[in-house]
Amino acid sequence: MDTKKNKSKTIFSHLYFQVLLGVLAGIILGLFNPGLGETLKPLGDGFIKLIKMLLAPIIFGTIVVGIAKMGSMKEVGRVGIKALVYFEIVSTMALIIGLVVVNVLQPGAGMNIDPATLDTKSLSTYTSAAKQQDAVGFFMDIIPTSVVDAFVKGNMLQVILFALLFGLALAQFPDRGKTVVDVIDSILQGLFGIVKMVMRLAPIGAFGAMAFTVGKYGFGSLMSLGKLMAGVYITSTVFIVFVLGTIAWMSHISLWKFLKYIKDEIIIVFATSSTEAVLPRMMVKLEQLGCSKPVVGLVLPTGYTFNADGTSIYLTMAAIFIAQATNTHLSLWDQLLVLGVLLFTSKGSAGVAGAGFVTLAATLSSMDKIPVAGMALLLGVDRFINEARAVTNLIGNGIATVTIARWEGAFDEKRAQSILNGELNESQTEL
């Protein structure tokens with residue numbers, strides 16, 4: 001009897017189980033009382049905001065401490081170049097896979113939508129933002145107006161740039177800079193302590209987010225777009241299993257065991273549709289897995305901008321879906337052109353609300369072939385598809401960090417195997 005009680009206590013004490021309960025409760029409430037479900041949106045938004053308020057200082061501190069301890073600008077540059085090469089190759093593979101699957105499934109075929117009949121008022125927010133996202137604007141936006149402005153706006157690319165420069169500056173003065181690095185490191189520990197407290201609210205945040213999503217959009221109204229949804233989920237699964245699975249195998253780790261290790265984060269991201277909600281936890285977990293702090297600090301936050309594998313899959317499938325639904329003929333060259341444009345635009349949506357939609361709007365506008373008005377077809381289903389792309393982005397960046405750490409010789413494989421095989425106590429690995 002005591003053993004059974006202890007087991008049940010252990011299950012209920014796990015964050016992933018508590019979040020799952022929150023997700024299920026949210027779905028049930030959203031189905032049976034949609035009005036009440038919609039009013040619970042602040043619970044999910046509030047949880048994400050609590051995490052977001054910590055992101056800028058945590059990313060800044062992690063990068064500064066990592067680079068200062070690395071001590072070599074050459075080493076920083078080497079890691080950065082490896083990361084960018086990896087991101088470009090893998091995200092291109094995601095774009096290609098999405099393009100192939102959407103042509104095989106043909107989810108938009110037979111809808112015969114006339115773009116002129118679509119209500120495009122709800123797209124104004126995204127299309128106006130897309131007009132501002134050209135290549136020059138993107139690179140200029142990386143430079144903050146002031147350091148304070150970068151932190152106030154929570155612009156991660158700007159924070160990363162300043163952190164890189166500050167870390168490199170401290171690395172030039174290892175003796176005098178040590179005191180500053182130690183202070184920042186101590187502040188980081190305090191920030192992660194706050195993260196631990198905030199994560200106790202994850203089940204409530206998941207409950208509110210799911211209740212709102214199901215209450216507002218329902219499942220019945222999404223049946224006509226079910227094929228596209230299924231296609232994105234299937235494609236994301238194929239990408240995770242075969243592409244990321246192969247990369248994990250080449251890095252000598254089991255994909256399944258890695259997914260089990262980050263199961264809490266996967267469930268939270270699925271419930272909230274936000275990878276930012278678990279960024280601090282992922283940084284800690286990857287360090288505990290055996291990746292060096294400097295590599296984690298550089299690769300993971302940068303990957304959130306440049307390595308959005310799930311978003312890449314969605315963008316190609318959504319663009320071709322709109323063409324199919326509106327009977328817009330695309331030749332092979334036209335589709336390759338879509339792919340080429342997305343190679344650039346998919347990297348330019350960081351820090352923009354509704355990033356996937358903004359990027360899609362920018363891509364369609366630049367081509368002047370697929371009607372931008374067709375994006376109105378995706379508004380109802382986008383929130384549900386976002387869960388798949390967010391989880392894929394999370395897993396992709398986790399594997400990327402491990403791979404680049406191993407590539408750099410900064411990965412403790414023995415420790416990783418011990419953790420993934422459950423040979424270390426959970427208390428030693430859990431945030």
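Coordinate-derived values only; no laboratory data. Computed from a prediction, not measured in an experiment: that's the story for all the values here. Note that each Cβ is placed from the backbone with ideal geometry, even for glycine, and that neighbours are counted across all protein chains shown.
Listed values, structure above:
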| quantity | calculated |
| --- | --- |
| Dipole of segment 12-97, positive end: most advanced residue of Leu31, Thr92, Gly61 [Cβ charges, Cα centre] | Gly61 |
| Ordering of 311-321, 157-167, 394-404 by packing [mean C-beta count within 10 Å, highest first] | 311-321, 394-404, 157-167 |
| Rg/Rh for segment 139-253, where both radii come from Cα atoms and Rh is the Kirkwood radius | 1.13 |
| Pairs from Lys49/Lys82; Lys153/Lys196; Lys82/Lys227; Lys260/Lys414; Lys153/Lys257 whose Cα-Cα separation, in the structure shown, is over 29 Å | Lys49/Lys82; Lys82/Lys227; Lys153/Lys257 |
| FRET efficiency for Leu36 and Val100, using Cβ-Cβ distance with R0 set to 51 Å, rounded to 0.05 | 0.75 |
